[in-house]
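The values are calculated or read from the model by the stated rules, or taken from the named source; none is laboratory data. Everything quoted here is computed from the prediction, not taken from an experiment. So basically every Cβ, Gly included, is an ideal-geometry build from the backbone, and we count neighbours across all protein chains shown. All accessible areas refer to the heavy atoms of the entire protein, side chains included, with ligands and DNA or RNA removed. Shrake-Rupley method; radii C 1.70, N 1.55, O 1.52, S 1.80 Å.
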Amino acid sequence: MIIKQLIIENFGIYQGRHTVNLSVTEMQPIILFGGLNGGGKTTFLDALQLVLYGKHAKCSNRGHQAYGAYLTNAKNRYAQANDIVELSLTFSHTSETTTNEFTVTRSWNTQLKDVKDKVIVYCNQQEDPHLSQYWDEFVNEFIPLSLSDLFFFDGEKIENLAHPDRSAELIKTGIENLLGLDLLSQLHIDLTNVERKRKGDNLDSRVSHKVTTLEAEITEQTNLVSELKKDIAELEKQASDCNLNINKARQKVRNAGAHLIDERDNIKFELGAIEEKLKTNLAERVKLDAGAGPLGLVSSLITRTQQQVIEENQATQAKVIQSAISEYENTIKQTLIDENIPKKSLATLEKTMSAMAHERQAIANTECYLNTNIAIFNGLNEKIELDAQTRSNLISQKEQLLEQQALFDKKLESIPDYETVQHLLNDLAYHEIKYKNNVVLIKQKQQLLTQHQARDEVLNTRYANLLTQQNKETFEQKRAIQVAEHIEKLKSTMQSFSLKLIQENVESLERHIKDNFNDLNRKVNLVKNIKICPTTFSLSLIDSTSTEMSTDRLSAGERQLLAIAILWGLAEASGKEIPTIIDTPLGRLDGKHRAKLIKNYFPYAGKQVILLSTDEEIVDKYYQQLKPQICREYYIHFDEQQQSSTFTPGYF
């Protein structure tokens, strides 16, 4: 099967009608699409799968939506209300020596109350009503849905397939489909039903009703177990996707600084506390300045004031005693005159008294304008010194608080506004809640599965016991028993044949996977051999020391390469001419691993290889290395004005 053309009309991000030529040549099997994230690469892959498989398609964003609701939501939101949505795929398919061209067109109208898609299939440009009516069954002849993961895959999510459980499931499904063992499984079921019917026909009438009832219960339990397994597988896939989305969302949150938002309230609290401390500091300094503190600025004036107060006190005292001293001096002089002391001595005494009187008069004449007591200056100097020390401490405290305030302001400025990163936080919360819900649902489903499996085992045991309660010894009964015994032998033979067939093909598949992994991995001696259990289909890696190693020892890139090697090996073993379509082909691989894929995988992955790359994958030297094998190049461009993505020839 080689795809020639895809038409997308009003689907997803693509408004209007878009036609993409996908034909390739034998020497140039690669078609390279380039596009930025969100541009429409995954929508292109969804369109390919939806047009082929319809309601069974594994579309990226369907989730648990009903098919009709998904079709409604898949319509381009800018398309006209009466516009239909249409997907058309043209491909060629060779059967033995005959090559036919098929065109599958799937369309739907979202204005109808019950939205359903309509499928029309053309064979060699002629409408084929039979193919159109039964396309869901015929599509498995071209690309079986169970094998679609081998040829349609996402390079970023493929690493999950390297997990032992997922790889075993993939290998089991691939081998059974490639060898037609699903037909043997169905034949085994049919033979079991015939065996039960043969035995049931010969039951005593007393147990016939019980057998019928048990058969109905067993059928119900089997259906429930099957549905639960499907639900668990789908939920595990969704949980894996959610885990990948959580990692991406967390990286975006860290890059935007949104993880610091939780510190905003603490920082604001600290800033508020600093602001209060600054206010208290200011109030303390104002209180100091309202007291004796400012007097420290006029110490010389205080000294002069103290001297003035002392002089005023002396003047007051001089005025009080002036008259008393004058009378006292006059009395002394009169006494001395009466005693007839020499005149010279009396003149000397008068001169001395006059000088003292003049001195007292000078003091008494001092101007008094303060009129206060010297006691008011007691302890003033000590108070001024204490206030100066307190003020110095407050100023130092203020500087420290301002430094802390500047530091917290800088931290606060580095935190983005909640509104600018709200969508990132909401996105992260959404994926985390979705992941937790998936985990809870998986546990609930697994508990239900265990209960129903136990119930199924009990019913089958009870059914087998009833079948032994036969009491008719007729010839017909014996013949039925013989037929049942032959059926049992046939089932055993089929089982042996199936195991032998699987064993032979498992050995071939082991070589394919080992050779492919060594071609892709830069560590040549990392894996010496690969073993696949023919019963559980679990994959084991053997290192250079012949010791079994866990896939957990591989890096994320190496697990991705192992998953690619598994898919490549199964695709090679299938021998089917099916295109390989890879979204995000180089994922998270390093340079050497990318070079290996470019050189050893993409040119040989199939007769038609479609790569959907971002601008950080197949670029520069990788593009130049791949260029000789590229037949067509397209750039998926989102036009803001048209609100639609378009396909433009040329790569970025």
Please give the per residue accessible area of the chain, computed with a probe of 1.4 Å over protein heavy atoms only, in Å².
57
Relative to the first principal axis of the alpha-carbon coordinates of the chain, what is the inclination of helix 343-364, with its axis defined by its Cα atoms, in degrees from 0 to 90 and to the nearest 10?
30
Go from 0 up to the bin containing the longest alpha carbon distance in the chain, width 10 Å each, and give me the % of pairs per bin.
3, 10, 15, 16, 12, 8, 6, 4, 4, 4, 3, 3, 3, 3, 2, 1, 1, 0, 0, 0
Apply 1/(1 + (r/R0)^6) to the Cβ-Cβ distance of Glu382 and Glu276, taking R0 = 35 Å, and write down the FRET efficiency to the nearest 0.05.
0.65
How much of the DSSP beta bridge set in segment 533-652 is antiparallel, as a percent to the nearest 5?
65
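Taking the Cβ of Ile363 as the center, what net charge do the other residues with Cβ under 14 Å away carry, scoring Lys and Arg +1 and Asp and Glu -1? Don't jump to the answer; show the numbers that get you there.
Values: positive: Lys319, Arg360; negative: Glu311, Glu312, Glu359, Glu367.
So the surrounding residues net to -2.
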Report the gain in length on full extension from Lys344 to Asn223: 0.36 nm times residue separation, minus Cα-Cα distance, nm rounded to one decimal.
28.1 nm
In terms of Cα to Cα distance under 14 Å, which aspartates and glutamates are near enough to Lys248, apart from those fewer than 8 places away along the same chain?
Glu156, Asp427, Glu432
Per-residue counts of other Cβ atoms within 10 Å, averaged by peptide: what ranking do you get for 269-281, 43-55, highest first?
43-55, 269-281
Peptide ranges 81-94, 6-19 listed from the most packed, as the mean C-beta count within 10 angstrom indicates
6-19, 81-94
Lys pairs in segment 259-409 with Cα under 19 Å (8 or more apart in sequence, or on separate chains) total 13
Could you give the nm distance between label points at Ile395 and Asp590, where each point is 7 Å from its Cα heading toward the beta carbon?
6.1
Inter-centroid distance (Cα atoms) of segment 1-47 relative to segment 543-578, Å:
28
Proximal lysines relative to Lys116, as straight alpha-carbon distance under 23 Å, when same-chain residues fewer than 8 apart are discounted
Lys55, Lys58, Lys75
Segment 1-111: equivalent-ellipsoid semi-axes (sqrt of 5 x gyration tensor eigenvalues, Cα, Å):
26, 16, 13
In the structure displayed, which of Lys434/Lys607; Lys41/Lys443; Lys514/Lys576 lie more than 28 Å apart, Cα to Cα?
Lys434/Lys607; Lys41/Lys443
Estimated vicinal HN-Hα couplings, Hz - segment 241-252 in sequence order (Karplus 6.51, -1.76, 1.60; Gly, Pro = x)
5, 4, 4, 5, 5, 4, 4, 5, 5, 5, 5, 5
Quickly rank 429-440, 639-650, 608-619 as a protection proxy: mean count of other C-beta atoms within 10 Å, highest first.
608-619, 429-440, 639-650
For segment 591-652, what does the alpha-carbon gyration tensor say about shape, rounded, prolate or oblate, given a ≥ b ≥ c as the root eigenvalues, a/c under 1.5 as rounded, and a/b over b/c as prolate?
prolate
How high is the relative contact order of segment 544-613? Use alpha-carbon pairs under 8 Å, at least six apart in sequence, and give a whole percent.
38
Using r as the Cβ-Cβ distance of Leu501 and Thr648, and R0 as 56 Å, what FRET efficiency do you calculate, to the nearest 0.05?
0.70
To the nearest 10 degrees, how steeply does helix 164-178 sit against the main Cα axis of the chain, on a 0 to 90 scale?
20
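Give me the percent relative contact order of the chain, please, defined on Cα pairs under 8 angstrom at least 6 residues apart. Display every interim value, and only then the final one.
Details: 820 pairs, mean separation 178.2, N = 652.
Averaging sequence separation for qualifying contacts and normalising by length gives 27 percent for the chain.
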In segment 23-136, carbon and sulfur make up what percent of the accessible area (probe 1.4 Å)?
46
Taking a ≥ b ≥ c as the square roots of the Cα gyration tensor eigenvalues, with a/c under 1.5 meaning rounded and otherwise prolate when a/b beats b/c, else oblate, which class fits segment 526-587?
oblate
If the chain between Gln405 and Phe138 were fully stretched, how many nm would it gain, using 0.36 nm times the residue separation less the Cα-Cα distance?
88.8 nm
Inter-label distance for Gln446 and Asn365, nm, one decimal - labels placed 7 Å from Cα along Cα-to-Cβ:
11.7
How high is the relative contact order of segment 490-610, in percent, with contacts defined as C-alpha pairs under 8 Å that are six or more residues apart?
25
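Under the rule of -39500 (n - 2.57) per DSSP H run of 4 or more residues, summed and divided by the residues of the chain, what mean residue ellipticity at 222 nm is obtained, to the nearest 500 deg cm²/dmol?
On the way: 17 runs with 377 residues, N = 652.
Taking each H run of at least 4 residues, the total per residue is -20000 deg cm²/dmol.
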Give the dimensionless ratio obtained when the Cα radius of gyration of segment 518-652 is divided by 2.2 N^0.38 Å.
1.24
If I take R0 = 60 Å and measure r between the Cβ atoms of Asp615 and Thr372 in this structure, what FRET efficiency does the formula 1/(1 + (r/R0)^6) give, to the nearest 0.05?
0.10
Quick one: Debye curve from the alpha-carbon atoms of segment 566-606 only, equal weights, vacuum; give me log10 I(q)/I(0) at q = 0.18, 0.29, 0.31 Å⁻¹ to two decimals.
-0.55, -1.11, -1.17
